[in-house]
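The values are calculated or read from the model by the stated rules, or taken from the named source; none is laboratory data. Values in this document were obtained by computation on a predicted structure and should not be read as measured data. Cβ sites come from the backbone with ideal geometry, for glycine too, and all protein chains shown count toward neighbours.
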């Protein structure tokens, strides 16, 4: 009997420890869109960046327009062309409504993505997408404001050809510069256009 | 009556699609390379992505060890994973090929990364890619280039679409 109680106690302790570990893991690993979609969390904020044609812009430059922002980099062969292609298709699908929107491609990799590199790269996508870069501090600032985690996966052997982990979302900000919502950048153009239409009517109305 | 007919038609279409696929095999090998294709690269891009399907028809496991192409300095195998809203590329030094199984390289999943391109990849062009397997040895494939950001090879678009729609119903 005594052994059984002890065994039960051990099982209970193990279970409790497991539950705590799981709860911790859940809190740590919960993807943040679960939080951000619930309202106006502190996503976004002031930034100063440089357009591909050398103009300095800030968040205030775009007041009065919806902002659709993708954070990526040109060295990325798979996810970034997909996202920018989807964005381009969505703009086309939006038709005249696209004029209420300013699409932005902000690099997470300013060391390699100079204005010249970005200008060239963006020629392959919708011409309304504006490329933004800056110095490392400016980029760090905007990434922090948008709670975007970017991390260069540099290795000792390969210092030039490194991939960068980056957010998989498109961020939508309303004309007052407030965070509206996010969508997976891997969604097709049609889905993104439908989502944008819904978001924009919802807020306008 | 209508339903089974539709099903048979779908299977027949799928078979035809399969037969049309540009299957390239080395005679000595049990690894078949199907549907190789690549995306055209945006202006000035230093990297490109190619995709294909590897089928190990053999009884033993095999491994994709590496690849070379005249259009790029280096060829790497990568998987893109999304964790907690982060898109992360992970290099796979070796790709394991289980017997009687398909390994698919597709946008958003695994891709063959062409690093330091010597020339841009332009839609409609082709380039050669030489794959080295542990057992099957060297297999050379010709890779056609589709649009920038394409999700599938150009010639497959209508067929794949039809199939997807059928599956959703």
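Residues in region A:171-186: is at least one crowded, with 17+ Cβ neighbours inside 10 Å and part of a helix (DSSP H, G or I)? Within region A:171-186, none of the residues are crowded, with 17+ Cβ neighbours inside 10 Å and part of a helix (DSSP H, G or I).
Reported count of residues in region A:54-69, each being over 17 Å from residue A:175 (Cα atoms) and either in contact with a helix residue (DSSP H, G or I) (Cβ under 7 Å, 6 or more places away or on another chain) or within 9 Å of chain B (Cβ to nearest Cβ) (or both), is 1. If the condition is being buried (at least 19 other Cβ atoms within 10 Å of the Cβ) and within 14 Å of chain A (Cβ to nearest Cβ), then region B:87-114 contributes B:87, B:88, B:89, B:105, B:107, B:110, B:111, B:112, B:113, B:114.
In this structure, residue A:110 does satisfy being over 26 Å from residue B:152 (Cβ atoms), away from chain B (no Cβ under 13 Å) and surrounded by 15 or more Cβ atoms within 10 Å (Cβ to Cβ). Checked against (1) surrounded by fewer than 18 Cβ atoms within 10 Å (Cβ to Cβ); (2) at pLDDT below 95, residue A:76 passes all but a single condition, namely (1).
Residues in region A:139-164 that are under 11 Å from the mean Cα position of the chain (by Cα) and at pLDDT below 90: A:147, A:148, A:149, A:150. Within region A:54-71, the set of residues being assigned to a strand (DSSP E or B) and within 19 Å of residue A:197 (Cα to Cα) comprises A:66, A:67, A:68, A:69, A:70. Scanning region A:40-53 for residues that are part of a loop (DSSP other than H, G, I, E, B) and surrounded by fewer than 18 Cβ atoms within 10 Å (Cβ to Cβ), we see that the one that is nearest to the other protein chains (Cβ to nearest Cβ) is A:41.
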